[in-house]
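Student: The structure that follows is given in the form of structure tokens.
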Amino acid sequence: MYYKFLPSFVQRKGRITKSQEYNLLQLSKFEINSYDQIVSAKEDFKKVILEIGFGNGEHISRLAQENRQHLYIGSEVYMSGIGQLLGEIAKYNLNNIKIVKGDIRLLLDDLKSPLFDDVVIICPDPWPKLKHHKRRMINLDFFELIHKSINPNGHLFISTDWKNYAESIEETIDSFEGFKRTNGSIYEDTFLTKFQQRAKKEGRKIYPFALEKVS
Ligand SMILES: C[S@@+](CC[C@H](N)C(=O)[O-])C[C@H]1O[C@@H](n2cnc3c(N)ncnc32)[C@H](O)[C@@H]1O
């Protein structure tokens, strides 16, 4: 089958626990997968924030608990993570989270106009081997897609714990004109995700990139 983007995630099935499987029965109530669905979902909210690759969903869940006036759209490929986030949604009675299942780039590619106030990406898959660098999600093509999806003066926050990936993100930022760097971000000092905690434990530094759309 023709696939427009080289997978930026590891293609494995992953183990799904009984409780995740149970939570996944509710997925259809929260799943969203088109421009029109996002437009209608965001009507009642002040801002719309997209988190790409939410992993276990602990970060997006916490943001949604603390900011009930904002709509959070979480994107993830792994069903186990989606099941986990659905558990959080039920536990905290969250009505401000929607889930995009699968490769977010397919949806971004389909957007008719900008939709998001902020986009957050924490610890994108690092693909550390040189021969796999082409699978890294953050590159110029991706910046084009993201830029088109963010509202004027909206924000993009990325953080990685891989030095080499951070260097390539720097290069992408420097060669792309549509964003300017800002002094910090509200997403920088939020609590650590699972991958950030692991990085700290293993002594790796976290490199944050806070950007604002300028043109
Ligand atoms: C290294 S994990 C980080 C998870 C979480 N943000 C954290 O910090 O704990 C990267 C996540 O991004 C997801 N991912 C990678 N490419 C993606 C894509 N194109 N669309 C949506 N999610 C993607 C992967 O499935 C994976 O769960």
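Student: Among Arg12, Arg62, which is exposed (fewer than 12 other Cβ atoms within 10 Å of the Cβ) and within 15 Å of the ligand (Cβ to nearest atom)?
Tutor: Details: Arg62 fails: exposed (fewer than 12 other Cβ atoms within 10 Å of the Cβ).
Within the list Arg12, Arg62, the selection yields Arg12.
Student: Has the stretch 163-177 got at least one residue that is part of a strand (DSSP E or B) and within 22 Å of Arg105 (Cα to Cα)? Steps first, answer last, please.
Tutor: Of the stretch 163-177, the ones part of a strand (DSSP E or B) are none.
Within the stretch 163-177 (the criterion being part of a strand (DSSP E or B) and within 22 Å of Arg105 (Cα to Cα)), the answer is no, since none of the residues qualifies.
Student: Would you check if there is a residue in the stretch 128-137 being within 13 Å of the ligand (Cβ to nearest atom) and in contact with a strand residue (DSSP E or B) (Cβ under 8 Å, 6 or more places away or on another chain)?
Tutor: Yes, because at least one residue in the stretch 128-137 is within 13 Å of the ligand (Cβ to nearest atom) and in contact with a strand residue (DSSP E or B) (Cβ under 8 Å, 6 or more places away or on another chain).
Student: Another question, then. Taking the stretch 65-93 as the region of interest, how many residues are over 22 Å from Ile186 (Cα atoms), in contact (Cβ under 8 Å) with a residue 40 or more places away in the chain, more than 9 Å from the ligand (Cβ to nearest atom) and not in a helix (DSSP H, G or I)?
Tutor: Going through the stretch 65-93 one residue at a time, the tally reaches 0.
Student: Just checking, which of Glu31, Glu43, Glu51, Glu66 is among the acidic types (Asp, Glu) and closer than 18 Å to Ile158 by Cα? If you could, list the steps in order and put the result at the bottom.
Tutor: Working: Glu31 fails: closer than 18 Å to Ile158 by Cα; Glu43 fails: closer than 18 Å to Ile158 by Cα; Glu66 fails: closer than 18 Å to Ile158 by Cα.
Only one candidate passes the filter, namely Glu51.
Student: Scanning the stretch 130-144 for residues that are assigned to a loop (DSSP other than H, G, I, E, B) and of a type outside the set (A, V, I, L, M, F, W, C), which turns out surrounded by the fewest Cβ atoms within 10 Å (Cβ to Cβ)? Step through it out loud before you land on a result.
Tutor: From the stretch 130-144, those assigned to a loop (DSSP other than H, G, I, E, B) are 136-139; that's our starting set.
Among the residues that remain, those that are also of a type outside the set (A, V, I, L, M, F, W, C) are: 136, 139.
Values: Arg136: 22, Asn139: 17.
Top of the filtered list is Asn139.
Student: Still on this model: Name every residue in the stretch 145-162 that is touching an Asp or Glu at 6+ places or on another chain (Cβ under 8 Å) and either assigned to a helix (DSSP H, G or I) or among the aromatic types (Phe, Trp, Tyr) (or both), in order of residue number.
Tutor: Looking only at the stretch 145-162, we keep the residues that are touching an Asp or Glu at 6+ places or on another chain (Cβ under 8 Å), and these are 145, 150-151, 153-157, 159.
Those that are touching an Asp or Glu at 6+ places or on another chain (Cβ under 8 Å) and either assigned to a helix (DSSP H, G or I) or among the aromatic types (Phe, Trp, Tyr) (or both): Leu145, Phe157.
Student: Here's a follow-up. Among the residues of the stretch 39-50, is there at least one that is of a type in the set (Gly, Ala, Ser), in contact with a Leu (Cβ under 7 Å, 6 or more places away or on another chain) and in contact (Cβ under 8 Å) with a residue 40 or more places away in the chain?
Tutor: Yes: one or more hits.
Student: On the basis of being within 16 Å of the ligand (Cβ to nearest atom), within 29 Å of Asp141 (Cβ to Cβ) and β-branched (Val, Ile, Thr), does Ile38 make the cut?
Tutor: Numbers: within 16 Å of the ligand (Cβ to nearest atom): yes; within 29 Å of Asp141 (Cβ to Cβ): yes; β-branched (Val, Ile, Thr): yes.
The answer is yes for Ile38.
Student: Which one of these does Ile52 not meet: (1) more than 10 Å from the ligand (Cβ to nearest atom); (2) in contact with a helix residue (DSSP H, G or I) (Cβ under 7 Å, 6 or more places away or on another chain); (3) of a type in the set (A, V, I, L, M)?
Tutor: Status for Ile52: all satisfied but (1).
Values in this text are rule-based calculations from the coordinates and carry no lab data. Since the structure is predicted, the reported quantities are computational estimates derived from the model, not experimental observations. Cβ coordinates were reconstructed from backbone atoms using ideal geometry, including for glycine residues, and neighbour counts include every protein chain displayed.
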